[in-house]
1. With respect to residue 46, is the statement that it is buried (at least 18 other Cβ atoms within 10 Å of the Cβ), of a type outside the set (Phe, Trp, Tyr), in contact (Cβ under 8 Å) with a residue 24 or more places away in the chain and in contact with a helix residue (DSSP H, G or I) (Cβ under 6 Å, 6 or more places away or on another chain) true?
2. What number of residues in the stretch 1-51 are over 22 Å from residue 63 (Cβ atoms), of a type outside the set (A, V, I, L, M, F, W, C) and at pLDDT below 90?
3. Step by step: first the residues of the stretch 10-55, then only those that are more than 12 Å from the chain's Cα centre (by Cα) and not in a helix (DSSP H, G or I), then the one that is farthest from residue 65 (Cα to Cα). Which residue is that?
4. Look through the stretch 56-76, keep the residues that are in a loop (DSSP other than H, G, I, E, B) and closer than 22 Å to residue 28 by Cα, and return whichever of them is modelled with the highest pLDDT.
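The values are calculated or read from the model by the stated rules, or taken from the named source; none is laboratory data. As the structure is a computational prediction, the values presented were derived from the model and not from experiment. Cβ coordinates were reconstructed from backbone atoms using ideal geometry, including for glycine residues, and neighbour counts include every protein chain displayed.
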Amino acid sequence: MLKGLDLSGKNVIVTGGHVGLGLETTRALSEAGASVTVGSRDPDRVALALSGLERVQPAQLDLLDPPRSTPSPPATSPPAARSTS
């Protein structure tokens, strides 16, 4: 799906990334080198579907209850902003 695209060093969040088209999207992004976080209300339930995928991790994400959401920091920090002055 993403053949020839190198997403190494990129961090991606996929909601619904543990079933159906979301899981296929997660797989494709991971195979292209991206670090993928799959948001779910129940990350323990999602972990089984994601087992064996490299650079993929589940994270608590409940869009109806933002205080319960605890996304993990990205595996790598984004580059620092440069001053234009």
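1. Spelling it out, it is not the case that residue 46 is buried (at least 18 other Cβ atoms within 10 Å of the Cβ), of a type outside the set (Phe, Trp, Tyr), in contact (Cβ under 8 Å) with a residue 24 or more places away in the chain and in contact with a helix residue (DSSP H, G or I) (Cβ under 6 Å, 6 or more places away or on another chain).
2. Qualifying residue count for the region: 2.
3. 32
4. My answer is 61.
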